[in-house]
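A short write-up of the structure that comes next.
The values are calculated or read from the model by the stated rules, or taken from the named source; none is laboratory data. Fair warning: this is a prediction, and the values are worked out from it, not measured in the lab. Virtual Cβ from ideal backbone geometry, glycine too; neighbours counted across all protein chains shown.
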Amino acid sequence: MKILILILMIPLLVSAEKWEVLGKCKLMTNSYNDGDSFHISYKGKEYIFRLYFVDTPETNLKYKNRVKEQAKYWKISTKAAIKIGKKAKKFSADNLKRKFTVFTKWDDAKGSSKIPRYFAFVKTASGENLAELLVSNGLARIYGMRVNHPKGKNANVISKQLKKLENSAKSKKLGGWK
């Protein structure tokens, strides 16, 4: 009986790993949007997505301990971290003005909204990875949920690439690395 149950569950496990590509997404205006998490519209429905691999600073002191942790990462004050968080929010909004693509497996990213929030990779209209753009501009730390990319790139390879981008941002004193 146990074997039969396991065999019946295999399709469920496999389907949970399947990537979905949502093209022509539109950023929605929402006060809860920030640099790494935002409301989008896809085929007339609202979704909330959070980027894999990165975390941008908060834009206020609602989560004081998280802001302190983020400030510590960059070795800056909490006030400066919030300022970087606001820059990251604007940066993401600017990069998502034109329609963009979301890659998701519908992994639960938790959150306090009534609408579920899911992890995703986001490709801008110009074809760039939003997480990489944020890190390369010193606006996001390497932190959070890691997965292999839908195009086959290993999570460890992605982490190493992000670290190179972060080191470059540090050397150029960009964003929080001033």
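Where helices (runs of 4 or more DSSP H) fall entirely within the stretch 59-153, those with at least 1 residues that are buried (at least 20 other Cβ atoms within 10 Å of the Cβ), of a type outside the set (Asp, Glu) and without any contact (Cβ under 8 Å) to a residue 24 or more places away in the chain are at 64-74. Just so you know, in the stretch 9-32 the residues that are under 14 Å from residue 104 (Cα atoms) and in a loop (DSSP other than H, G, I, E, B) include one that is modelled with the lowest pLDDT, and it is 17.
Filtering the stretch 78-129 to residues that are under 15 Å from the mean Cα position of the chain (by Cα) and hydroxyl-bearing (Ser, Thr, Tyr) leaves 92, 101, 104, 118, 124. Scanning the stretch 39-58 for residues that are surrounded by 20 or more Cβ atoms within 10 Å (Cβ to Cβ) and either in a strand (DSSP E or B) or among the hydroxyl-bearing types (Ser, Thr, Tyr) (or both) yields 40, 47, 48, 49, 50, 51, 52, 54, 55, 56.
Report yes if residue 113 is modelled with pLDDT under 95 and not acidic (Asp, Glu), otherwise no. Here the answer is yes, as residue 113 does meet what is asked. Can you find, within the stretch 154-178, the residue that is surrounded by the fewest Cβ atoms within 10 Å (Cβ to Cβ) among those that are assigned to a loop (DSSP other than H, G, I, E, B) and not aliphatic (A, V, I, L, M)? This residue is 173.
Scoring residue 65 on the criteria (1) modelled with pLDDT of 95 or more; (2) under 16 Å from the mean Cα position of the chain (by Cα) leaves a single failure, condition (2).
Scanning the stretch 142-157 for residues that are modelled with pLDDT of 95 or more and more than 19 Å from residue 106 (Cβ to Cβ) gives 142, 143, 154, 156, 157.
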